Each structure stands twice: as C-alpha cells, then as structure tokens.
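Report on the structure given below.
No value in this document is a laboratory result; all are computed from the given coordinates. All of these numbers come straight from a predicted model, not from anything done at the bench. Cβ: placed from backbone, ideal geometry, glycine included. Neighbour counts: every protein chain shown.
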Amino acid sequence: MCGIVGYIGKEEKKSFLLNGLKELEYRGYDSAGIAVLKECEIQAYKATGKLENLANKTSNFTSEDFGIGIGHTRWATHGKPTEINAHPHWGEYSYVVHNGIIENYREIKENLQAQGIKFLSQTDTEVIIHQFEKYLNEGVEIHEAFTKTVSMLHGAYAILIITKKAPDTIFFAKNAVPLIVGKNDKGEKFLASADSPLIGYATDVVYLEDGEYGWLNKEDINLFKKGEKQSIFYKKLKEDKLCAQKEGYRFFMEKEIYEQSSVASETLMGRVKDSSIALDELEGFDFGQINEIKICACGTSYHAALTSAYLFERLSKIKTNIEIASEFRYKEPLLDTKTLFIVISQSGETADTLEALKMAKNSGMKTLAICNVDNSSIVRLADTTILTRAGIEKGVASTKAFATQILTLWMLSLYIGDKKGSLDKETLKSEVKALAHIPSVLHVKDSQHEKIRRLSKRYLHGHGFFYIGRDIFYPLALEGALKLKEISYLHAEGYPAGEMKHGPIALADSELFTIALMPKNTLYDKTKSNVEELSARDATILAISPYEFELADDFIKTSLQEHPMSEFFEMMLITQLLALEIAVRLGNDVDMPRNLAKSVTVE
Ligand code: AGP
C-alpha cells in the first residue's frame, strides 16, 4: 500500500514531506520521491529502497518561503521497484503521486500513445499526468481539465497533482483508498494517506469520501463530488501516532483482518473482467506444455497451497501436488520440466521456500511465484511473479496475505482452465462472479466480531482444540489451528473431519474444544455426522455453519452463500477473529507472539 503527503505553506517543504513519508513507512514501500514547486520551478527527487536513500539525494536541497510539495512511498503493483517507476511521475510541467490501482490504465495509455505521447515508466499512474496535460494543451481550463481526467479513471486512487500552470494549488482526488486534508491556524494546508504524518502539524482534518476531488490552495479548499460542490466539515485530529498507525485498532493484526475487504478489491483489480481473468504477468506463458503443477511453501502459505490444489484439479483439470518446502528440499524429488513449479510466500524471503525454488530452477522447470513483496529474493529468482497486493503485513500471524494468496490462486486456476480449454465459459462466468463477490464477504460485521469476543472467554483453557473440515475446509481448518497456536500458545490441530474415527476421537471429552467448519455447499451431511461422533463423546463443539446445529455447545451462524469459496472466506474471517480474541483475553502480544519472526530467513 503506498503513502502520500502534500503541503502548502511557507515552512521548509522537504522536511515536512520526508518526515511525513517516514510516518507512513509502516505501510511498506520499495521506493519513494518528492516534488516541490516554488516560484514556478519544480524540483523532483526519487530513490529506490529506504527513505534514507531519498534523504541522501536531497541533502543539499531545501525549500524555504511559500511553495507547495508532494511526496510518495511506493509499494509496487504495476512495474518493478525502480527509480523510473517511483513517484512522482511527470509530463511537461506537471507532477503526480498516486496510491491505488487505475484499472483501465491500459486503454488510456494506448489512446495517449496513439497520439504520440511518450511514456517513461511501466506504471499505471503515469497515464494520469499525461491525460491531464493533454487536456491543458488542448486549451481546456485547468479545473475542468483535472475534473475530466479524474472522471476517466476506474479503480482505486488517491491522487495529488502539482503543476506550473497553478503554482499555489494542489489538485487531489480520492476513491477507495484513504486521503485526508488538514489545516492549522498558520494558514498551512496538508494532505496525507493517514493521520500519522499530520500529527504535530495539522489541527483540523477532513477525511475525504470516495468520489470526492478538488483543489487546495493557501486560501481555501474546493471540494466536489459528481460535479456538485461539497461542504467541508473539519474535525479535530487525534494526537497519538502509534494509535494513528493502527488506525484505531488494538493491534496491526486486527487492522489487517479488517483491511481484507479493501485489500481483496486491490488484488482483483484489473484482473477480474466480466467473464474472464486477465493476468498480464503470464502473457505469452505456454500452458500447453504443462501437465502437472507442484507447489512449495511453508506455514500459512502452505495452507494456501493445499487449498489451491482443490481448485487447480477441479477448475484447471491439472494434477497438482503440494509440498512443505523444508521436506521437499531433502527428499530427492523427481522433477519434470512439464511440471509448473509454483512457490507461495508472503515475504519472498523464506529460506526453505527459496531453496526449493532454486532446486526447481536448476532442474529446468518453469517457475512462478505468488508473493506479496516485489523485488524480494523469491521474486527476483522466479521466472515470473503474480503479486498478491496485500500491502505490508505487520502482524506476525498472517491474515490478509493468506486471503490474497487464496484469491490469486483461485484467479490462476480459472486463468489456466480458460487457457487450456478445460473450463467451459458458463462455469468460468459463474466462478468470476463468485470471485468478484469476495471483497463484500470479507467485510467484518461488528455484531459477529462482538459475539466472537464474548464467546472467546469460554475457550481459554482445556487440553486442546480440534479444527475440522472437509475438502477446501480441511486446509482452512489447518490455518485456523495455526492462527490460534501462534498467538494464544494453546494447542490446536487441524484435521480432515473424516479422520476422527482413525484415532483422534480418542481425545474427545468435555475439555477438548472442536471448532467445526460446516459449510452448506461442501459435504455438509458428512461433516455433520463427524461432528455428531465427537459430540456423542462429550467434546465441546463450536459449530460454524449457516445451518443451526442443535448439538453445538456454541454456534456462530454464517450466511447462506451460493459458492463454497464465499463460505471459505467467511469462515476464515471467523477463525481469525476467534484466535485474536482468545489471545487478547490471555494478554498475549498479538502482533509479536513469542518465539516467532515475521519472515523465517533461516532453515
Ligand atoms: C503465518 O501466520 C506464519 N507467520 C508463518 O507460518 C508464515 O506463513 C511462514 O513462515 C511462511 O512465510 P512466507 O509466506 O513469508 O514464506
């Protein structure tokens, strides 16, 4: 997720911009840049890597007296993390910074290129500034030019533009990603992606709504929506920076669970079409030569891999097998160049997964990474990568990264099925419809979270948890158990529901807590009978299902979804919140659990 800052005033601009970007570092980034406009001259600087690289580049630059400035930290979604792709992007006399994804950037770019406009970067963002200047160069009045440009954009965006044509004005627009306007009694004006860069500068802020846009100068702010001028309602800015970074949530993990709905929209953006999937990253990839898929990963990413095996075999009709990377490395595996080798990793730095990838590369296999961090070791090594676009995940216990991995793998299974002709158009259309519905499924219902919080007090002891499910709900059971183990330190195991009779049921008694995943769309009756076996032996049952289950000691009702994957994501949310609330009651450090690291870069 990128970060944006903007400033209008007489104070030294570089320091506000760099300090502001530093306050947004927690969002993760791989490059950064600033641009300052003063007396009709614009100075711009960009650098890859950490902000100190940008600070070094600008060490001899200062900007006193009145002027305006914009700054940006970039989390790569389109185009590698290079200086050329870093923001700001510029035209002839204007500069833009952008957070989000312009879903229709290809059409806009092709249209502009056909008119002879040259592009420097691989980004979606650059189309904004060239479209804006195209209108200006055609004589369109500047505010109209900005309004027309914004009205062309589809997707998620928080945009700031500065231009020599209006040296005291910052143009802004907001849709689906945050943008805040601030002011103080010194006449300074501010813009930022979050509260934290504004603390200590602004006193009053307005949180822009989706679809709002306008322009800001030292006198005032002009705010519009659908062409209608909007009234401005400022509110006082809170003062606590860490709280601001967590945006009011108790932990980064909680914030990341709540972010899953919006982050899922970004993962799908530009990839889910009306009745097909577009993965530009795989353009020219010949799946005709592929007759098997092998996936290697660790931990939560391994659970995503297990889930995807059901999807690849059902939808792509390709034999798929899943390996734990630390086992794969030493088993002397038989590798075949007709096998597509996929690695899944949030960090892109997990040692075992990276070594497994090297083995596949050395054996001449085609390799694909599903990863959240561009330019990571795994991304740099794989033949190609599909980024999950989850933004930085600070909680050690993975949540939104897992959700976006599943979405990406589901899209990949449909894409391959479509390319190989093994998926009929009707099925593809209904699957795409179900995919597009997931962001709304991932929206946390306050009432359900509150119920889980209250319920969690009953699950703080006992001699262990069984998480059980069938089909795709078996890897979800594994993941739910891992979430609980990681942050509550209580023992939990995930099991295929059908395995109970083969030994585990010996553990059943009132102190064994069973979290039963009982979806309506997948083997409900068979799962129900497995849960009845446990209940008959007095195990304490927490049933998660759209159907009432009278033998449950506790019950969390889910909605009547039409697609098993919708049920999967809804139950995933519940297991994440259950682990969170149990850990909170136990007083554990949810974001930094004992013994764990966010990225396991050693064996
Ligand atoms: C997930 O909650 C854990 N933090 C851990 O299992 C993690 O999934 C595993 O270490 C793999 O990490 P990666 O996805 O960055 O490769």
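Numbers at a glance
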| item | result |
| --- | --- |
| Positive minus negative residues near Phe513 (Lys, Arg vs Asp, Glu; Cβ under 10 Å) | -2 |
| Rg [Å, one decimal], Dmax [Å, integer] - the range 467-518, C-alpha atoms | 10.6, 29 |
| Kirkwood-Stokes translational diffusion coefficient of the range 331-382, alpha-carbon pairs, 4 °C, 1.567 mPa s, µm²/s | 118 |
| Packing rank of 484-491, 35-42, where each peptide gets the mean count of other beta carbons within 10 Å, highest leading | 484-491, 35-42 |
| Sequence-distant residues sharing a close amide H with Phe466 (under 5 Å, placed H) | Glu493, Phe513, Thr514, Ile515 |
| Three semi-axes of the equivalent ellipsoid, the range 1-125, Cα gyration tensor, whole Å, largest first | 25, 18, 12 |
| Between 0 and 90°, nearest 10: helix 564-585 axis offset from the chain longest Cα axis | 90 |
| Furthest towards positive pole of dipole, Gly227, Ala278, Thr267, structure part the range 221-286, Cβ charges | Gly227 |
| Sum of -39500 (n - 2.57) over DSSP H runs of 4+, divided by residues of the chain (222 nm, nearest 500) | -10500 deg cm²/dmol |
| Among 446-453, 228-235, the order from most to least packed when residues are scored by Cβ within 10 Å on average | 446-453, 228-235 |
| Stokes-Einstein D in µm²/s, Kirkwood radius over Cα pairs - the range 253-371 at 10 °C with 1.306 mPa s viscosity | 102 |
| Net length gained if the chain between Asn362 and Lys520 were fully extended (0.36 nm per residue, minus Cα distance) | 52.4 nm |
| Viscosity 1.306 mPa s, 10 °C: Kirkwood-radius Stokes-Einstein D of the range 90-134 over Cα pairs, µm²/s | 150 |
| Net charge of Cβ neighbours under 14 Å - reference Gly155; Lys, Arg +1; Asp, Glu -1 | +1 |
| Square roots of five times the Cα gyration tensor eigenvalues for the chain, Å | 44, 28, 22 |
| Packing-based order for 561-569, 419-427, 212-220, using average beta carbon neighbours within 10 Å, highest first | 561-569, 212-220, 419-427 |
| Sparsely packed trypsin sites (Lys or Arg not before Pro) within the range 555-603, loop by DSSP, other Cβ within 10 Å at most 12 | Arg594 |
